[in-house]
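Below is one structure; the comments refer to it alone.
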Amino acid sequence: MSVGVLPLLLSLVFPACGKPGAQGVTPPGVVDFDHLVLPKTPNKALAAPAGFSPPPTVITPHYRVSQGKLFGIVGEVAASEPRTYKLDAYPAQFQAAFVARSKAANFPDIIEVAVRPAPSGGSELILYSHSIYGQSDFGVNAARVKAWLSAIEARMVKDQSAAQ
C-alpha cells in the first residue's frame with residue numbers, strides 16, 4: 001500500500017499523513033474510560049451509554065449479548081470500514097483501537113473501543129473517535145460513530161435472524 005502525492009506533501013507538516021495503514025500513529029494502549037478527559041477541540045465524538053461521564057455525543061444502546069460477542073462484532077465492523085486499520089487490541093480488557101484515514105489527504109483519526117459488562121446483564125459499548133491533527137473535523141468523527149453503531153446493530157439483527 002502506498003500513499004499519494006498530497007499525503008506525502010502533507011507529511012512535511014503532519015508526519016503520519018505520509019504513512020500507510022496504521023503506521024506512524026501511536027497506539028493509545030489500554031484506556032481508562034472511567035477517567036476519560038475530552039479535549040476542548042470539536043474534532044472528536046464519544047458514543048457511550050446514558051449517564052456516562054463525560055457526556056457522550058451519541059448514546060449507545062444496551063446490548064443483550066456477551067462482551068466477547070459484542071467485541072467480535074465491533075472488530076468485524078471496523079475491518080469492513082474503508083481505509084480503517086487495526087492499531088492495537090487488548091482482548092482481555094475488551095479494548096481495541098483503529099486508525100481511519102481520510103481518502104484524499106490520508107489524515108489519520110483514532111477510534112478507541114471498549115466493551116463492558118452492563119450492570120443489568122449483557123454489554124455496553126464505548127466508541128471514542130478523534131482526530132490526531134487539527135481543530136475541526138467537519139463532523140467526520142460523529143458521522144463515523146453513528147455509522148459504526150448502525151453497522152453493529154445491522155450485524156446483530158443479521159446474527160439474530162440467522163440463529164432463528
Go through the range 74-94 residue by residue and tally those that are open to solvent by less than 70 Å² (accessible area, probe 1.4 Å) and hydroxyl-bearing (Ser, Thr, Tyr). 2
May I ask you to say which residue of Asp109, Asp137 is within 21 Å of Pro15 (Cα to Cα), touching a strand residue (DSSP E or B) at 6+ places or on another chain (Cβ under 9 Å), charged (D, E, K, R) and not in a strand (DSSP E or B)? Asp137
Number of positions in the range 1-22 that are within 11 Å of Arg101 (Cα to Cα) and open to solvent by 80 Å² or more (accessible area, probe 1.4 Å): 1
With the requirement that a residue be surrounded by fewer than 20 Cβ atoms within 10 Å (Cβ to Cβ), touching a residue at least 24 places away in the same chain (Cβ under 8 Å) and of a type outside the set (S, T, N, Q), what does the range 95-104 give you? Ala104
Within the range 44-73, the residues that are under 24 Å from Ser136 (Cβ atoms) and open to solvent by 80 Å² or more (accessible area, probe 1.4 Å) are Pro55, Thr57, Ile59
Would you mind telling me which numbered condition in (1) among the hydrophobic types (A, V, I, L, M, F, W, C); (2) more than 14 Å from the chain's Cα centre (by Cα); (3) buried (at least 18 other Cβ atoms within 10 Å of the Cβ); (4) more than 17 Å from Ala142 (Cα to Cα) Phe107 fails? (4)
Verdict on Ser129 being polar (S, T, N, Q) and outside any loop (DSSP other than H, G, I, E, B): yes
Residue by residue through the range 61-101, note down the ones that are assigned to a loop (DSSP other than H, G, I, E, B), under 13 Å from Ser129 (Cβ atoms) and not acidic (Asp, Glu). none
Subset of the range 122-139 [at pLDDT below 95 and farther than 21 Å from Asp88 by Cβ]: Gly134, Gln135, Ser136, Asp137, Phe138, Gly139
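The values are calculated or read from the model by the stated rules, or taken from the named source; none is laboratory data. From a predicted model like this one, the values you see are computed outputs, not experimental measurements. When we count neighbours, we look across all protein chains shown, and the Cβ atoms used for this are built from the backbone with ideal geometry, even at glycine. For accessibility, only protein heavy atoms count, side chains too; no ligands or nucleic acids. Shrake-Rupley method; radii C 1.70, N 1.55, O 1.52, S 1.80 Å.
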